[in-house]
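Visitor: Just dropping this structure here.
Please treat every number below as a calculation from the coordinates, not as lab data. Note that the structure is a prediction, hence the values are computed from the model and not measured. Glycine also receives a Cβ, built like all others from the backbone with ideal geometry; neighbour counts cover every protein chain displayed.
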2 protein chains.
Amino acid sequence: MRIFKTAQEMSVFSRKTRRDGKSIGLVPTMGCLHEGHLSLVKSSLGSSELTVVSIFVNPAQFGKNEDFDKYPRNLEKDIALLKDSGVDVVFAPEAVEMYPEGFLTFVEPQGGLEEVLEGEIRPGHFRGVATVVAKLFNITDPDKAFFGQKDAQQCLIIKKMAQDLNFSVEILIMPTVRETDGLAKSSRNSYLSAKERKAAPAIFKALQMAQHMIELGENNPAAVTAEIRKMIGRAKLLDLEYAVVADPETLRPVESIGSRALALIAARVGTTRLIDNMLIER
Amino acid sequence: MRIFKTAQEMSVFSRKTRRDGKSIGLVPTMGCLHEGHLSLVKSSLGSSELTVVSIFVNPAQFGKNEDFDKYPRNLEKDIALLKDSGVDVVFAPEAVEMYPEGFLTFVEPQGGLEEVLEGEIRPGHFRGVATVVAKLFNITDPDKAFFGQKDAQQCLIIKKMAQDLNFSVEILIMPTVRETDGLAKSSRNSYLSAKERKAAPAIFKALQMAQHMIELGENNPAAVTAEIRKMIGRAKLLDLEYAVVADPETLRPVESIGSRALALIAARVGTTRLIDNMLIER
């Protein structure tokens, strides 16, 4: 397995790989890898001739009062895991390599998706995401790039960005990987105390309840979100930020639930912010 | 010569070209080609195995009250010229192909170069430029891209954009091509009446004068711009918008002229807006 630290080396290598006629799969991560990431890696290994995993905690997507400094980092362990998985290349640049002094060009999603939910709570977050993903696409020149459904809004914004800016990369969204009790795998789960960890699956249980209500015929999104509120309210240590039944493409709240809806929840568990979502079809 | 109208066809063709190991030179234009463009074409033909010329009047870089509608278009003549020049591929999309309904991702230069001169007078102009050039880079996958020094600020912003977003393309800036009386070649020169056309070279003459003053030892930019103002003021039909002696990298006005300075002028000739500049070294 090769490890590149500079954009220049990574770029030269990916261009050479493409010239040699090999396809490249990219799995962009912020490290502290869990089974969710590894499922993306597996998908890439199964469909691309060369798999690049990027590990970069992207400062541009963290707000000033967010957890950039304490975000979990464990590069050595990540590298060992990826080596075991059969990954070909790890791209692990430093922040100053990706955002050198004088950096000033951003990729800005505008006029829709980035305004709601995570975008409303985390201003500038999706600008940071779109910018770093555009950079990673240019550096690694992938045929395919793999993202997890847990970050549903991020997936939609990246798909739109790739389409709008004509990146010739296929964006593949993989299902959320969960713990046995339903909690979505997330690097941020490591922040949770034992008690918080025990309480956190209430988010998934609320999504399951929403799914059951809708499958049983509930068409009123307000009725569904009211039940989610109650359920999260009953769970100790959880503090709901939002619960919404939205259009799966626009993420705008629906007035009446149709054949496909996306239920999204964000909640604080102690000081940790967790998000999850479920696509509900009937 | 091949002509592509869709990003999809162009993209497939350029990927195939790169896979075949051939280098691609891109000359982005808004059409209505003149000798300035053809000098870029010649540079590309001389240094790349395949030359793509894009012809696209980019709505995103025109302000609401600017000349998008009347901007000169002459696709048939352009195509004939390019065919004669030996160009391999013309990419000539419609506006709806580049900006389909729901387009919402822009590339935004921020925090510097885009704020001054043209950026101050034409808000959003460089956002439009950076966005379309990023799109063209992704669609045509060039090794090299050629731009004219006449649009000095555009050149700097595109270089910065390519660097910040890690496009693996070399940006080459070619000298301004001029009429025999010194007027910089520009598609907008076609707007000029005979009288205006006769008056317009005063812009170049003012730049030459600035050059002579500086070469003779003038260090005070205010003294130089005062003389430019006088000279443009004396020329009938000309209305100065800005005249500045700037740092060639940051485009900020210099306090004292050093070994390299960029003199930039924008002026209206009747209703036509013309820009020009000269790099002065001593």
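Visitor: If you plug each phi of the range A:70-81 into the Karplus form 6.51 cos²θ - 1.76 cosθ + 1.60 with θ = phi - 60°, what whole-Hz ³J(HN,Hα) values come out, in order, with x for Gly and Pro?
Guide: Values, residue by residue: 9, 3, x, 10, 7, 4, 4, 5, 4, 5, 4, 4 Hz.
Visitor: Quick one: angle between helix B:221-234 and the longest Cα principal axis of chain B, in degrees between 0 and 90, rounded to 10, please.
Guide: 90
Visitor: I would also like to ask the following. Which one of B:Leu237, B:Val169, B:Thr105 is farthest out on the positive end of the charge dipole of chain B, using unit charges on Cβ (Lys, Arg +1; Asp, Glu -1) and the Cα centre as origin?
Guide: Sorting the options by dipole projection puts first B:Leu237.
Visitor: Summarise the partner chain shielding of A:129-142 as one whole number: the mean count of Cβ atoms from other chains within 10 Å of each residue's Cβ. Please report the intermediate quantities before stating the final value.
Guide: Working: counts 0, 3, 4, 0, 0, 8, 4, 1, 4, 9, 4, 1, 3, 0.
Mean inter-chain Cβ contacts per residue within 10 Å come to 3.
Visitor: Along the charge dipole of the range B:2-174, pointing to its positive end and built from +1/-1 on Cβ of Lys, Arg, Asp and Glu, which listed residue (B:Pro72, B:Leu26, B:Leu156) has its Cα farthest out?
Guide: Checked the options; the winner is B:Leu26.
Visitor: Ranked by Cβ crowding within 10 angstrom, fewest neighbours first, how are B:Thr272, B:Thr51, B:Thr250 ordered?
Guide: Numbers: B:Thr272 19, B:Thr51 29, B:Thr250 14.
With the sparsest Cβ surroundings first, the list reads B:Thr250, B:Thr272, B:Thr51.
Visitor: Long-range amide H contacts for B:Arg178: which residues qualify at under 5 Å (H placed 1.01 Å from N, peptide plane, sequence gap of 5 or more or a different chain)?
Guide: Here the answer is B:Lys185, since their amide H atoms fall under 5 Å of that of B:Arg178.
Visitor: Here's another thing I want to ask about it. About its Cα centre, how strong a charge dipole does the range B:187-276 have in debye, to the nearest 20, once Lys and Arg get +1 and Asp and Glu get -1 at the Cβ? Intermediate values should be presented prior to the final figure.
Guide: Details: 13 positive and 10 negative charges, 123 e Å.
So the dipole magnitude of the range B:187-276 works out to roughly 600 debye.
Visitor: Now a separate question. Once both axes come from the Cα atoms, what is the angle between helix A:7-19 and the longest principal axis of chain A, in degrees from 0 to 90, rounded to 10?
Guide: 80
Visitor: List the GluC sites (Glu not before Pro) within the range B:1-102 that fall in a DSSP loop (any state other than H, G, I, E or B) and whose Cβ has at most 14 other Cβ atoms within 10 Å. Intermediate values should be presented prior to the final figure.
Guide: Values: sites: B:Glu9, B:Glu35, B:Glu49, B:Glu66, B:Glu76, B:Glu94, B:Glu97, B:Glu101; in loops: B:Glu49, B:Glu66, B:Glu94, B:Glu101.
Sparse-neighbourhood loop GluC sites (Glu not before Pro): B:Glu49, B:Glu66, B:Glu94, B:Glu101.
Visitor: Further, regarding this structure: For the range B:2-174, what is the relative contact order in percent, using Cα pairs closer than 8 Å and at least 6 residues apart in sequence? Don't skip to the answer; put the middle values down first.
Guide: Details: 284 pairs, mean separation 52.4, N = 173.
Result for the range B:2-174 is 30 percent.
Visitor: Could you give the size of the charge dipole of the protein assembly as shown about its Cα centre, using +1 on the Cβ of each K and R and -1 on the Cβ of each D and E, expressed in debye and rounded to the nearest 20?
Guide: Numbers: 72 positive and 74 negative charges, 52 e Å.
With Lys and Arg at +1 and Asp and Glu at -1, about 240 debye.
Visitor: A:Ser54's amide H: which non-local residues (gap 5+, or another chain) put their own amide H closer than 5 Å, with H modeled 1.01 Å from N in plane and none for Pro or chain starts?
Guide: Hits under the 5 Å cutoff: A:Val27, A:Thr29, A:Phe91.
Visitor: Taking a threshold of 24 Å on the Cα-Cα distance, which of the pairs A:Lys16/A:Lys185; A:Lys42/B:Lys135; A:Lys83/A:Lys195; A:Lys22/A:Lys83; A:Lys42/A:Lys83; B:Lys77/B:Lys160 fall above it?
Guide: Check vs 24 Å cut-off fails for A:Lys16/A:Lys185; A:Lys42/B:Lys135; A:Lys83/A:Lys195; B:Lys77/B:Lys160.
Visitor: How many angstrom lie between the Cα centre of the range B:78-129 and the Cα centre of the range A:146-190?
Guide: 31
Visitor: Further question: Which trypsin sites (Lys or Arg not before Pro) does the range A:1-92 hold that lie in a coil by DSSP with at most 15 other beta carbons within 10 Å? Spell out each step's value before the answer.
Guide: On the way: sites: A:Arg2, A:Lys5, A:Arg15, A:Lys16, A:Arg18, A:Arg19, A:Lys22, A:Lys42, A:Lys64, A:Lys70, A:Arg73, A:Lys77, A:Lys83; in loops: A:Lys5, A:Lys22, A:Lys64, A:Lys70, A:Arg73.
When the trypsin sites (Lys or Arg not before Pro) of the range A:1-92 are filtered for loop state and at most 15 Cβ neighbours within 10 Å, A:Lys5, A:Lys22, A:Lys64, A:Lys70, A:Arg73 remain.
Visitor: Also, I was wondering about something else. How would the range A:162-242 be classified by its alpha-carbon gyration tensor: rounded, prolate or oblate, with rounded meaning a/c under 1.5 and the a/b versus b/c comparison settling the rest?
Guide: On the way: a/c = 2.28, a/b = 1.28, b/c = 1.79.
Verdict is oblate for the range A:162-242.
Visitor: Moving to a separate point now. Under the classification rounded if a/c is under 1.5, otherwise prolate if a/b is larger than b/c and oblate if not, where does the range A:2-174 fall, given a ≥ b ≥ c as square roots of the Cα gyration tensor eigenvalues? Mind showing how you got there, number by number?
Guide: Numbers: a/c = 1.43, a/b = 1.31, b/c = 1.09.
It comes out rounded by the Cα gyration axes.
Visitor: Now for a different question. State to the nearest 20 debye the size of the charge dipole of chain B about its Cα centre, where the only charges are +1 on K and R beta carbons and -1 on D and E beta carbons.
Guide: On the way: 36 positive and 37 negative charges, 121 e Å.
Result for chain B is approximately 580 debye, rounded to the nearest 20.
Visitor: I've got another one for you. Quick one: Karplus J couplings for the range B:50-59, per residue in order, coefficients 6.51, -1.76, 1.60, θ = phi - 60°, nearest Hz, x for Gly and Pro?
Guide: 9, 10, 10, 10, 9, 10, 7, 7, 7, x
Visitor: I'd like to know which of B:Leu38, B:Thr225, B:Phe147 lies farthest towards the positive end of the charge dipole of chain B, counting +1 on Cβ of Lys and Arg and -1 on Cβ of Asp and Glu.
Guide: B:Leu38
Visitor: Hey, got a sec? Which GluC sites (Glu not before Pro) in the range A:107-193 land in a DSSP loop and have at most 15 other Cβ atoms within 10 Å? Can you show the working numbers first?
Guide: Values: sites: A:Glu114, A:Glu115, A:Glu118, A:Glu120, A:Glu170, A:Glu179; in loops: A:Glu179.
The qualifying sites: there are none.
Visitor: Give, as a single signed number, the net charge of other residues whose beta carbon lies under 15 Å from the beta carbon of B:Thr131, with Lys and Arg counted +1 and Asp and Glu -1. Working shown, then result.
Guide: Working: positive: A:Arg127, A:Lys160, B:Arg122, B:Arg127, B:Lys135, B:Lys160; negative: A:Glu108, A:Asp164, B:Glu97, B:Glu108, B:Glu114, B:Asp164.
For residues surrounding B:Thr131, the net value is 0.
Visitor: Cut-off is 10 Å between beta-carbons; in what order do B:Leu216, A:Leu274 appear when sorted fewest neighbours first? Intermediate values should be presented prior to the final figure.
Guide: On the way: B:Leu216 8, A:Leu274 23.
Fewest to most other Cβ atoms nearby, the residues stand as B:Leu216, A:Leu274.
Visitor: Okay, helix-only estimate at 222 nm for chain B: each DSSP H run of n ≥ 4 adds -39500 (n - 2.57), divide by all residues, round to 500 deg cm²/dmol; what do you get? If you can, show how the numbers build up before the last one.
Guide: On the way: 10 runs with 108 residues, N = 282.
Dividing the helical sum by the residues of chain B leaves -11500 deg cm²/dmol.
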